[in-house]
Amino acid sequence: MISIPDRWSVAVRCALVLLLLLGACSCGKDHPANPNNYPPRIAKKTKAVPCDDTVTVDATKGPQPDSVYLCEDDTLTWVPGSSTSSFAIEFKNGSPFADGATKFDDKHAAHKAMPQYSKLTTYKYSITVNSTNTFDPQGVTGGNP
């Protein structure tokens, strides 16, 4: 004759095996991510930036415009103003130009920008006009907005 405790031990063993099977097969399993469950990406707000290609050098006001945005593959030219006889330009930390030039003057006042900028960067420079007035403009910037 079979006793009651033996029946309980078989039932407990079966329940434990069933519980382990359920835990191993469904509860802890990673499910593939559904991209539809995530919120949609919000586009960044952007504005068009006008590219500068000419800077007029004035003997009293300095370079106009003061801040210059240089776009990829454009050529930037400094043009003497009416009261300007000569000027010299020196970039302090790096160069936004393809040839890496950091010093030039009114005789070599046009340089081509880099073909591609990795990020928005400001290149500070100073400009001496007529060998007496030195200006420290905002800088020339370049980059992919």
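Miscellaneous remarks
- Long-range lysine pairs (8 or more apart or interchain), region 59-145, Cα under 15 Å: 4
- Extending 7 Å from Cα along the Cβ direction at residue 83 and again at residue 138 yields two label points whose distance is 2.3 nm.
- Relative to its Kirkwood radius, the Cα radius of gyration of region 54-142 gives an Rg/Rh of 0.94.
- Span from the region 85-145 Cα centroid across to the region 51-67 one, whole angstrom: 11
- Relative contact order [Cα under 8 Å, 6+ residues apart], region 54-142, whole percent: 36
- Using θ = phi - 60° in the Karplus curve 6.51 cos²θ - 1.76 cosθ + 1.60, the 3J(HN,Hα) couplings for region 86-96 round to 7, 8, 10, 10, 9, 8, 8, 10, x, 9, x Hz; x is entered for Gly and Pro.
- Label-point gap, in nm, between residue 103 and residue 46 - each point 7 angstrom along Cα→Cβ: 3.9
- Loop-located trypsin sites (Lys or Arg not before Pro) across region 112-145 with a Cβ neighbour count of 14 or fewer within 10 Å are 119, 124, with loop assigned by DSSP.
FYI, it's all coordinate maths here, none of it is from the lab. These figures come from a predicted structure and were not determined experimentally. For neighbour counting, all protein chains shown are included, and Cβ atoms are generated from backbone atoms with ideal geometry for every residue, glycine included.
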